[in-house]
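Let me begin by presenting the structure, written as structure tokens, before commenting on it.
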Amino acid sequence: MAEDAKPLLIKRYASRRLYNTETSDYVTLEDIASFIREGREVQIVDLKTGDDLTRQYLLQIIAEHESRGENVLPVDVLTDLVRSYTTSAQSVVPQFLAASFEMLREGQSKMMENFSSFPNPMASMPGFEALQRQQQAFLKSMMAGWSTAGSTGPDDETAASDAAKDREELSTIKKQLADLQSKLSKL
């Protein structure tokens, strides 16, 4: 079995301390949550009895996150879960939840694939290249002004002319940006 496919074995000692068998050190619930977020499968077993305690600890991790205000599960979902433990629907709920989360994972995966297939969604917008060129010209003119800051500089007439050009370019950029925002809001 591949190393990534094999669950990370955590042993719980009688003192309730959790021991990572891979790294030979003690871990906390937050460490276990980090392993899971990184994509690792985790199995927690009682050292003395060999009982699988994974579900108990996963529920504890969820409860701690929820109590810190990291609310992921709406109250009505939690209420329905509690109800499912006392009704005949109990046998259907676990399969339904598993299927729902699998669909969610697949949907997220496909959405990320779709986003990565577009190099830049803004690039297809009309006028985007012109806006990019103007931004580059604006930055170039700004940088040119900084590079000559220590020199004697241009005369007053040239400086006034350059400032007028900069204001004109800036107003053109603002207008094009407003047009792009308007087009984006219509999409």
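The values are calculated or read from the model by the stated rules, or taken from the named source; none is laboratory data. Given the structure is predicted, the values throughout are model-derived calculations rather than measurements. Backbone-built Cβ (ideal geometry, glycine too); neighbour counts: all protein chains shown.
Remarks
- Candidate set: segment 1-10, residues that are surrounded by 12 or more Cβ atoms within 10 Å (Cβ to Cβ) and part of a loop (DSSP other than H, G, I, E, B); chosen: the one modelled with the lowest pLDDT: K6
- Per-region count, segment 11-28, residues touching a Leu at 6+ places or on another chain (Cβ under 8 Å) and either in contact (Cβ under 8 Å) with a residue 40 or more places away in the chain or outside any strand (DSSP E or B) (or both): 6
- Residue match in segment 159-173 (condition: outside any helix (DSSP H, G or I) and modelled with pLDDT under 70): no
- Any hit, segment 12-30, residues being in contact with a strand residue (DSSP E or B) (Cβ under 9 Å, 6 or more places away or on another chain) and within 27 Å of V93 (Cα to Cα): yes
- Only listed residue being assigned to a helix (DSSP H, G or I), modelled with pLDDT of 70 or more and either closer than 30 Å to G39 by Cα or among the small types (G, A, S) (or both), chosen from A137, A98: A98
- Residues in segment 39-62 that are of a type in the set (A, V, I, L, M) and either outside any helix (DSSP H, G or I) or surrounded by 11 or more Cβ atoms within 10 Å (Cβ to Cβ) (or both): V42, I44, V45, L47, L53, L58, I61, I62.
- Qualifying residue in segment 67-89 (condition: modelled with pLDDT under 70 and outside any loop (DSSP other than H, G, I, E, B)): yes
- Whichever residue in segment 11-28 is modelled with pLDDT of 95 or more and aliphatic (A, V, I, L, M) and, among such residues, is farthest from the chain's Cα centre (by Cα): L18
- L78 assigned by TED's automatic domain parsing to the domain that holds R105, within 30 Å of the chain's Cα centre (by Cα) and surrounded by 12 or more Cβ atoms within 10 Å (Cβ to Cβ): yes
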